Every structure is written in structure tokens, then in C-alpha cells.
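Have a look at the structure below before the remarks.
The values are calculated or read from the model by the stated rules, or taken from the named source; none is laboratory data. Quick caveat, the model's predicted, so the values are computed rather than measured. Here Cβ is always computed from backbone atoms with ideal geometry, including for glycine, and neighbour counts include all displayed protein chains. These accessible areas exclude ligands, DNA and RNA; they are computed on the full protein's heavy atoms, side chains included. Shrake-Rupley method; radii C 1.70, N 1.55, O 1.52, S 1.80 Å.
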Amino acid sequence: MDPLKALADAERKPYWLDSPARPEPRPRLDRNTSADLVVVGGGFSGLWTALMAKERDPSLDVVLLEGRRIGWAATGRNGGFCLATLTHGLANGLERWPEEIDRLERIGVENLDEIERTLRRYDIDCSFERTGELHVATEPWQLDGLGEHLDLISELGLDYLPLDQEQVRAEVNSPTYLGGLWERSGCAMLDPARLAWGLREACLRLGVRVYERSPVRSLDDDGTTITLRTPYGSAAARRVALGTGVFPPLLRRLKHFVVPVYDYALMTEPLTAAQLAAVGWHNRQGVGDSGNRFHYYRLTDDNRVLWGGYDAVYYNGGLVKPEYDQRDETFVKLAGHFYDTFPQLAEVGFTHRWGGVIDTCSRFSAFYGQAHGGRLAYAAGYTGMGVGATRFGANVMLDLLSGERTERTELRMVKEKPFPFPPEPVRSGVIQFTRWSIAQADEHEGRRNLWLRALDRMGLGFDS
Ligand SMILES: Cc1cc2nc3c(=O)[nH]c(=O)nc-3n(C[C@H](O)[C@H](O)[C@H](O)COP(=O)(O)OP(=O)(O)OC[C@H]3O[C@@H](n4cnc5c(N)ncnc54)[C@H](O)[C@@H]3O)c2cc1C
């Protein structure tokens with residue numbers, strides 16, 4: 001189908017949030033209150049922090065303040081790939097923290113196992129399917145990359161299955177596939193908005209006081225108590241956790257480490273039985289291709305295809321604006337790539353198109369820290385892989401606030417900070433040149449130019 005025609009009726013809103021299951025918002029904070037712990041942010045970071053704070057100590061009085069609606073931001077707009085990795089993939093983790101990669105992989109799998117158990121414990125139905133992720137090569141040079149990946153994996157004894165061209169097409173039938181690697185247990189597919197709403201419900205059941213439409217405008221510290229002011233009331237506490245993602249930070253230092261990168265996605269109409277049979281996909285894995293600019297795609301529980309990624313857009317100036325949620329140029333490109341990948345789905349149209357902001361940092365995986373004499377903790381910079389890792393980050397924040405030394409707090413990954421981005425306007429120049437270099441690498445069989453090689457050597461980069 002012509003991409004423009006296929007997109008003509010696509011709603012301009014995130015598919016997951018456009019659901020009758022979306023609960024009514026909780027009331028605003030409209031008075032002054034105090035609590036033992038205030039959590040700011042109602043995405044996965046904040047929700048997991050509030051929930052696990054109550055699980056650790058049911059007597060704790062916990063308040064959660066969300067500026068808009070629970071899960072409206074990255075949390076309700078993502079691909080729903082819930083990954084075990086805490087390091088934005090094995091290769092990135094191995095490059096940066098080789099001596100602790102075994103531990104990081106184990107803790108990541110435990111974290112994913114715990115997410116699965118939490119869903120059972122609170123009866124959260126978010127269509128969780130632990131089907132793994134299929135990494136596919138669509139260019140010959142990408143096969144070399146998968147081969148190198150396989151060598152690393154074999155050393156660590158992880159559960160991956162290499163697939164040749166015929167085998168990978170038997171899993172998911174695309175004429176573009178040359179080979180693949182199926183990471184079998186380290187990834188689950190889920191509906192992220194229903195997970196967020198389920199976590200909200202679990203928080204409420206445990207007695208967390210959740211306030212929506214309550215943006216925190218300022219943070220004052222009198223040395224003992226931190227007071228968070230919203231337009232109609234304030235919340236004071238001895239402990240504060242920030243799970244505010246990419247948004248203008250309440251702690252100034254965070255703005256040096258995180259930049260907003262826009263990522264876009266499409267959702268098709270549900271496939272008919274015949275259309276699904278034409279692609280196979282019996283094992284329902286999430287799929288990611290292996291270019292520097294990659295697509296991620298997956299089936300939903302009613303057999304739509306979510307198709308996203310490729311363009312990772314940084315708008316000069318680094319602002320977060322509602323109008324950036326839509327980018328027709330990217331949607332048309334994505335639709336064209338979808339039909340190239342699945343020509344047998346030429347008659348399938350799209351029902352939704354949307355974008356969202358990714359909290360990107362220069363090491364690609366989240367960083368953690370404390371401020372205000374250890375009474376405030378933060379976690380940010382998940383760089384497009386926070387559906388699972390935010391639960392780990394929430395645990396780190398709670399460990400830090402408790403003053404406990406745990407296996408998590410002793411990790412070098414947790415103790416170190418990423419390299420800061422330069423200030424604007426240099427920041428925009430550097431990022432746009434890096435994006436251009438990445439596109440060039442994809443067009444020249446993966447060959448990285450001098451600039452990318454220099455960044456690689458310094459352990460820096462740009463990703464979504
Ligand atoms: C298009 C897209 C696709 C993605 N795909 C995947 C994927 O498949 N797998 C994966 O692992 N990750 C993916 N991600 C990334 C993932 O969604 C995020 O890492 C994760 O949701 C981050 O959660 P968070 O709670 O830290 O941030 P957010 O979801 O951004 O939540 C932060 C919340 O804090 C609130 N807030 C901010 N400031 C204030 C304030 N001052 N007062 C009150 N509230 C405030 C905001 O309103 C917001 O609700 C994707 C992201 C996008 C955008």
C-alpha cells in the first residue's frame with residue numbers, strides 16, 4: 001500500500017493510552033501534607049519506587065506526585081519490550097563494566113523474574129509474554145555483528161539461539177532477513193500502559209497516596225525536611241525519590257547528563273488469520289534489526305504489529321514540546337520500511353502513529369545518585385531501555401535512601417556517572433553531527449568514521 005494512503009486514517013495518539021482500560025485520574029494535591037517518602041513522577045520509575053517502598057515497609061507513609069497522568073509519557077508510549085538487560089545490551093555493558101558483567105546479567109534476569117512475579121502477585125493483566133527477542137540481520141555486514149555477539153554470549157553461557165537465513169525466516173517470514181539470533185528468555189512483550197495502570201492500582205491497594213495533575217514546581221530543603229511545591233499544595237518529607245525522566249529536572253545537575261531524543265512508532269490494524277499465517281511469527285518474539293538505526297517491532301495480544309524506531313531525532317535546543325510527538329516525515333519512512341520488510345502485508349493499514357521522548361545519556365544506560373545530604377535519590381538516563389530496568393533503578397533509589405550498602409549500591413555501574421553533554425548550542429552541533437555519522441555508517445556497510453571511532457574510544461555515544 002502507498003504509505004501516505006496507509007497512514008491516512010491513523011490516529012495521532014499513542015495506541016496503548018487510547019484504551020477503555022485507562023483509569024480516571026486520581027485527584028490533585030490540593031493542600032499541604034507530609035509523608036515519610038515523596039516520589040516524584042508517575043512513570044515506571046516512580047511507580048516501582050512507591051510500590052517497593054511499601055513492600056519493604058508497609059508502615060511507611062508514601063506520596064506519589066505526578067505532573068500529568070500516570071504513564072502518559074515514555075512509560076505509556078514505548079514498544080513494550082521488557083528486557084532483562086540493565087546495561088542497554090550485553091555489548092555496551094561488557095565494554096564499560098567487564099569485571100561485573102556476570103553480576104549485571106544475573107541481577108537483570110532476577111529483575112525480570114521479579115517483574116513477572118509482581119504481575120502475578122497483584123493480578124496485573126498487561127499481556128505479558130516472555131517470548132524473547134529476535135535480533136535479525138538485513139545486510140551482510142550485520143551478520144558479522146551478530147557473529148561477534150554470539151562469541152560474547154557463548155563465553156557467558158547465555159540463552160541465545162543462532163539462526164541461519166532459512167531458520168530465521170521460518171520464525172518470522174521476511175525476504176529481508178539474512179540471519180538472526182534469538183535471545184530466548186531475556187525479554188518479554190507487554191502492554192506498557194496496562195502495566196503502569198496495574199502498578200498504580202497495586203500502589204493504591206498498599207496505601208500509597210497518589211496525586212495526578214500535580215506538577216512539582218520547586219523543591220526546598222531546610223536541612224531536615226524537603227518540601228515539594230505543586231500549584232495547589234505541597235508535600236514535605238525526609239526522603240524524596242525523583243523518577244522524572246527527561247523532563248526539566250528538579251535537581252539542576254541532571255540537565256548535564258540527559259538529552260531528549262524523540263522516537264516514533266506506528267500500530268497496524270489487527271492482522272487477519274491469513275495475514276498472520278503469511279508472516280508465521282508462531283513464537284511471537286519481539287524483533288529488532290541490527291543497523292545503527294534500527295527498527296523494533298512486535299505483535300500485540302490482538303495481533304497488530306507495532307513498528308517503531310529508526311529515526312532518533314534530537315531537535316536543536318533540546319526542548320520537550322507536544323508538537324514534536326508527531327513527525328510525518330518519519331511516519332511515512334517507517335510505513336515504507338514496514339512494507340519492504342513484509343510485502344505480504346501490503347493490504348494492512350495503520351490505526352495509530354505517535355512519538356515519545358527518550359531520556360538519553362552518553363553511556364546509554366541509567367545512572368543513579370543522591371543529593372541533599374543523601375535525603376534525595378534519583379535515577380535517569382534509561383536511553384530507550386527502561387521498561388524493565390526502571391524496577392532495578394527504583395530498588396537502587398530505595399537502597400540509597402535507606403543508607404544500606406547492598407549488592408546493587410556497590411556496583412561500579414551504580415557508583416559512576418556518565419560523561420556530561422556539552423552545553424547548547426555546542427550540544428546540538430555535536431549530536432547532529434553524530435546522528436549524521438551514524439546514518440553514514442549504515443550506508444557504508446557499518447564502517448564508522450573518525451568521529452564515531454573517537455567517541456567509541458572515549459566510551460561516549462548517542463543512541464535511542
Ligand atoms: C517511543 C518509545 C519507545 C520505547 N520503547 C521501549 C521498549 O520497547 N523497551 C524499553 O525498555 N524501553 C523503551 N522505551 C523507553 C521507556 O519507555 C522508558 O525508559 C521508561 O518508560 C522510563 O520511565 P520513567 O518513569 O523513568 O520516565 P517517564 O515515563 O517519562 O515518566 C516520568 C514522569 O515524571 C513526571 N514528571 C516529570 N517532572 C515532574 C515534576 N516536576 N512533577 C511531577 N511529575 C513530573 C512526568 O509527567 C512523567 O509522567 C521507549 C521510549 C519511547 C519514547
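Applying the criterion of at least 3 residues that are under 17 Å from Gly286 (Cβ atoms) to the strands (runs of 3 or more DSSP E) found wholly in the stretch 140-237 leaves 160-163, 179-183, 187-189. Residues in the stretch 74-103 that are within 7 Å of the ligand (Cβ to nearest atom), open to solvent by 20 Å² or more (accessible area, probe 1.4 Å), in a loop (DSSP other than H, G, I, E, B) and out of contact with any helix residue (DSSP H, G or I) (no Cβ under 7 Å at 6 or more places or on another chain): Arg77 only.
When Val357 is tested against (1) part of a loop (DSSP other than H, G, I, E, B); (2) within 14 Å of the ligand (Cβ to nearest atom), just one condition goes unmet, and that condition is (1).
When the stretch 15-42 is filtered for residues that are surrounded by 24 or more Cβ atoms within 10 Å (Cβ to Cβ), farther than 17 Å from Ala335 by Cβ and under 19 Å from the mean Cα position of the chain (by Cα), the ones remaining, listed by number, are Trp16, Val40, Gly41, Gly42. Applying a threshold of 7 Å to beta carbon distances and a minimum spacing of six or more residues, or different chains, the list of pairs starting in the stretch 75-86 at a residue that is touching a residue at least 40 places away in the same chain (Cβ under 8 Å) and ending at one that is near the ligand (Cβ under 6 Å from one of its atoms) and in a helix (DSSP H, G or I) reads Thr75/Phe44. Looking only at residues in the stretch 321-351 that are closer than 19 Å to Ala73 by Cα and within 12 Å of the ligand (Cβ to nearest atom), the one that is surrounded by the fewest Cβ atoms within 10 Å (Cβ to Cβ) is Tyr324.
Exactly one residue out of Ala366, Ala380, Ala371 is of a type in the set (A, V, I, L, M) and more than 12 Å from the ligand (Cβ to nearest atom): that is Ala371. Every residue in the stretch 210-248 that is open to solvent by 60 Å² or more (accessible area, probe 1.4 Å) and within 29 Å of the chain's Cα centre (by Cα), please. Matches in the stretch 210-248: Arg213, Arg217, Arg229, Arg239, Phe247, Pro248. The number of residues in the stretch 150-168 being in contact (Cβ under 8 Å) with a residue 24 or more places away in the chain, surrounded by fewer than 20 Cβ atoms within 10 Å (Cβ to Cβ) and either in the same structural domain as Asp442 (by the TED database) or not aliphatic (A, V, I, L, M) (or both) comes to 1.
Does the stretch 310-319 include one or more residues that are assigned to a strand (DSSP E or B) and either more than 23 Å from the chain's Cα centre (by Cα) or buried (at least 16 other Cβ atoms within 10 Å of the Cβ) (or both)? Yes, the stretch 310-319 contains at least one residue that is assigned to a strand (DSSP E or B) and either more than 23 Å from the chain's Cα centre (by Cα) or buried (at least 16 other Cβ atoms within 10 Å of the Cβ) (or both). Screening Met413 against (1) within 22 Å of the chain's Cα centre (by Cα); (2) more than 29 Å from Ala50 (Cβ to Cβ); (3) in a helix (DSSP H, G or I); (4) of a type outside the set (Gly, Ala, Ser) leaves a single unmet condition, (2). Just one of (1) among the hydroxyl-bearing types (Ser, Thr, Tyr); (2) assigned to a helix (DSSP H, G or I); (3) more than 8 Å from the ligand (Cβ to nearest atom) fails for Tyr15. It is (2). Being outside any strand (DSSP E or B), in contact with a His (Cβ under 8 Å, 6 or more places away or on another chain) and buried (at least 24 other Cβ atoms within 10 Å of the Cβ) holds for only one residue in Met385, Met397, and it is Met385. Consider Arg205 against the criteria (1) within 14 Å of the ligand (Cβ to nearest atom); (2) surrounded by fewer than 17 Cβ atoms within 10 Å (Cβ to Cβ); (3) of a type in the set (D, E, K, R): it satisfies all of them except one. Which criterion is unmet? So the condition that Arg205 fails would be (1).
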